[in-house]
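The values are calculated or read from the model by the stated rules, or taken from the named source; none is laboratory data. Remember, predicted model here, so these are calculated numbers, not experimental data. Neighbour counts run over all protein chains shown; Cβ positions are idealised from the backbone, glycine included.
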Amino acid sequence: MDTAHLEGLIGMLTVLAILVLLVLPSVLGIARDRRIARQIREAEQARREAEDLGPTGRPARRQRYFTTTVTHHS
């Protein structure tokens, strides 16, 4: 390997290192966002399961509310 090949190799490695330095923060941010999204989904699922099971450990009854409007006509 002569000097021209060695300089070419050093140039390619330099460009590759710069590319890695530019891409690495984005990859770390994506991984962090995915981890946070997974934690939020797990917390929501645990909350839903806790709501479905009442304090007695049995499934809680869903209450349905009906509203009516009563007006007095003379």
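Among the listed residues LEU28, LEU21, LEU16, identify the single one that is modelled with pLDDT of 95 or more, surrounded by fewer than 10 Cβ atoms within 10 Å (Cβ to Cβ) and within 32 Å of the chain's Cα centre (by Cα).
LEU21
Residues in segment 32-73 that are among the polar types (S, T, N, Q) and either in contact with a Ser or Thr (Cβ under 6 Å, 6 or more places away or on another chain) or at pLDDT below 70 (or both): how many? Break it down into steps so the answer makes sense when it comes.
First, pick out the residues of segment 32-73 that are among the polar types (S, T, N, Q): 39, 45, 56, 63, 67-69, 71.
Narrowing further to those that are either in contact with a Ser or Thr (Cβ under 6 Å, 6 or more places away or on another chain) or at pLDDT below 70 (or both): 56, 63.
Summing the residues that are among the polar types (S, T, N, Q) and either in contact with a Ser or Thr (Cβ under 6 Å, 6 or more places away or on another chain) or at pLDDT below 70 (or both) in segment 32-73 gives 2.
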